[in-house]
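The values are calculated or read from the model by the stated rules, or taken from the named source; none is laboratory data. Treat the numbers as computed from the prediction; the structure is a model and nothing was measured. Backbone-built Cβ (ideal geometry, glycine too); neighbour counts: all protein chains shown.
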Amino acid sequence: MKLNVNPNRMELLKLKKRLALARRGHKLLQDKQEQLMRNFLQFVGRARELRKQVQDKLDQALRKFDLCRLVTPEKFLAAALSYPKGQLKLKVQVSRLLNVRIPRLELEEQPDPFTYGFAQTPSDLDASLKILSETLPLMIELVNVEKTIVILSEEIEKTRRRVNALEFVFIPNIAETIKYIETKLAELERSNINRLMRVKEIMLEAEAR
Amino acid sequence: MSGLGTYAFLNAKVRGKLSKLISPAQYKELVRAPDVLSACLVLRGTEYRDLIQDIVSAADLPRIEAALAEHLIAAHREVRDVAKGHVPRFIEELLRQYEVENLKVLLRAWNAREEKSFIYRERICNEIPVDALLEAQSLEEIIVLLGETPYRKPLTLAREDYERTGSPFPLEVALDRELYEATWKVVGELPAVDRKIASRLLGIEADLLNITWMMRFKRYYGLGLADVIKAMVPGGLRIKEEFVREVYPGRDEASLMTALLTGVYGSRPPQVPAMKEVRGFERLEEFLKKTYLQQLRQALGGYPFTIGTVIAYLRLKKAEVSNLITILNAKALSLPPEEVETSIVRV
């Protein structure tokens, strides 16, 4: 669809500049999209790997916790786990990837998981909490990677829409408008020549008479 | 009073109670039961029939656990009430273990300002004002509320550590130490034969606890020698402070386990695989518990008119209650019978 512009040389020059800029932008956005896609796939692979590790660790921890639950009356277990030794501290940082802001959680301080006496708790509880405590950094890494994947997928979608808009709407429209202006200017040129030729003819006829 | 005079009736009573312990056939049925309700049906043929009457689902398990704990306390009281001479005082000390456990749960609940419904509120040995303790504003108030109970002194001594760390752990260690020291004091006052038997059985118990704890300290806590010695249960038969000072420092888990077992049994028993093997630790705990139960059974096989029969019965009862909790929880978690079998300890 051509743009609603006056078909003159000024507009033609302006449109040609815009077309060149749009083509350069399109190329850049395509490159960005490809790079985002490559990063996205890398993060998806990493997330899959991390999720498997976390799942395995959680399975082990829950298995141990079940064994502990088997031999420990609920009141002792509830009492043993009722009082944490410290607080978990997380730091939020923001990094940039292809100018996309990616938040990142970092474990600043992890409290000691063993906060109970030994008389009423079995060693399976130690094992379970140790595994869970080892799993925590992996879970935080998984959160980071999965959040990055979500942000990258939104950015890829946004970039794809921009690339498509440039490729299938903006550039064709400008190209069509340029063609229209060029045709229009050529027509004007031809009709001008015709008019001049006709004037010349009339003048020659008048001289001959 | 002679051993015969003291133990004639008590021994008959305890033998009668021993015959009511869950039999291997009943254990087999319990292990094979498909769910909690079926396991409860099996228990209808045992001493526990009254406890499981109104059980309708696995959701009632916390209630069964509380009832089983109460049953165990009642079993101690029943034996204490028919005992004569020095025996009631000794059983009272064994019974106090449950009071200390309950007090530790109470202190944790107070410290965390959390759910309090699972605390046992009836009197066990001393008058503990449970609700007033839970409402206390400070540890000082708790110490005052504990009045003339034996817990006032250990809590006062551990107060500084509690205030420094903010954790109830030092209070728990102090309570445990007080209990064991008082128990050993009572053991020291027993007549010679009883003293020898009680020292042996309770000493083995302390050894087994210390072995397990030391392995846990080494594997998970990375505690230094001074902390290990501070947390040790006193009165071990073979595992004494000097022995720990010799074997604990500078060893890895596997060599520590071998050193501890060699110190107690002469060598590492074949049932216990090396620590680095996957089930090493689980097997060690299982082996130690089984060994202890065997020692209790042996005590029942000797001269009957001693305190050995009483200790053996009460500890076997405790193991039985623990096994029942394990089986019922396993049923609630739908674990296969083979796994349940490996989780319970009996001889």
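So, in the stretch B:294-317, of the ones that are among the charged types (D, E, K, R) and farther than 13 Å from residue B:22 by Cβ, which residue ends up surrounded by the fewest Cβ atoms within 10 Å (Cβ to Cβ)? Among those that are among the charged types (D, E, K, R) and farther than 13 Å from residue B:22 by Cβ, it is B:297. Once the stretch B:324-339 is narrowed to residues that are farther than 12 Å from residue B:40 by Cα and more than 8 Å from chain A (Cβ to nearest Cβ), the residue that is surrounded by the most Cβ atoms within 10 Å (Cβ to Cβ) is B:337. Of the helices (runs of 4 or more DSSP H) lying entirely inside the stretch B:1-88, those carrying at least 2 residues that are closer than 20 Å to residue B:333 by Cβ and not small (Gly, Ala, Ser) are B:24-32, B:36-43, B:61-82. Residue count for the stretch A:65-103 satisfying the condition of being of a type in the set (Phe, Trp, Tyr) and either more than 14 Å from chain B (Cβ to nearest Cβ) or in contact (Cβ under 8 Å) with a residue 60 or more places away in the chain (or both): 1. Which pairs turn up if I take residues in the stretch B:27-44 that are within 16 Å of residue B:346 (Cβ to Cβ) and look for partners that are of a type in the set (Asp, Glu) with beta carbon separation below 8 Å, at least 6 apart in sequence or on another chain? Final answer for the pair search is B:31/B:341; B:42/B:29. On inspection, residue B:100 qualifies as part of a helix (DSSP H, G or I), within 13 Å of chain A (Cβ to nearest Cβ) and among the β-branched types (Val, Ile, Thr). The set of residues in the stretch A:70-101 that are surrounded by 15 or more Cβ atoms within 10 Å (Cβ to Cβ) and among the charged types (D, E, K, R) comprises A:74, A:75. Would you confirm, using the coordinates I've provided, whether residue A:126 is at pLDDT below 85, in contact with a Lys or Arg (Cβ under 6 Å, 6 or more places away or on another chain), within 30 Å of residue B:120 (Cα to Cα) and charged (D, E, K, R)? Against the criterion (at pLDDT below 85, in contact with a Lys or Arg (Cβ under 6 Å, 6 or more places away or on another chain), within 30 Å of residue B:120 (Cα to Cα) and charged (D, E, K, R)), residue A:126 does not qualify. Selection of the stretch B:247-271 for residues being within 14 Å of another protein chain (Cβ to nearest Cβ) and either modelled with pLDDT under 70 or farther than 21 Å from residue B:229 by Cβ (or both) yields an empty set.
Conditions (1) surrounded by 14 or more Cβ atoms within 10 Å (Cβ to Cβ); (2) more than 25 Å from residue A:2 (Cα to Cα); (3) in contact (Cβ under 8 Å) with a residue 24 or more places away in the chain; (4) away from every other protein chain (no Cβ under 14 Å), marked per residue:
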{"residue": "A:105", "(1), (2), (3), (4)": "yes, yes, yes, yes"}
{"residue": "A:108", "(1), (2), (3), (4)": "no, yes, no, yes"}
{"residue": "A:117", "(1), (2), (3), (4)": "yes, yes, yes, no"}
{"residue": "A:136", "(1), (2), (3), (4)": "yes, yes, yes, yes"}
{"residue": "A:144", "(1), (2), (3), (4)": "yes, yes, yes, yes"}
{"residue": "A:161", "(1), (2), (3), (4)": "no, no, no, yes"}
{"residue": "A:168", "(1), (2), (3), (4)": "no, no, no, yes"}
{"residue": "A:173", "(1), (2), (3), (4)": "yes, no, yes, yes"}
{"residue": "A:208", "(1), (2), (3), (4)": "no, yes, no, yes"}
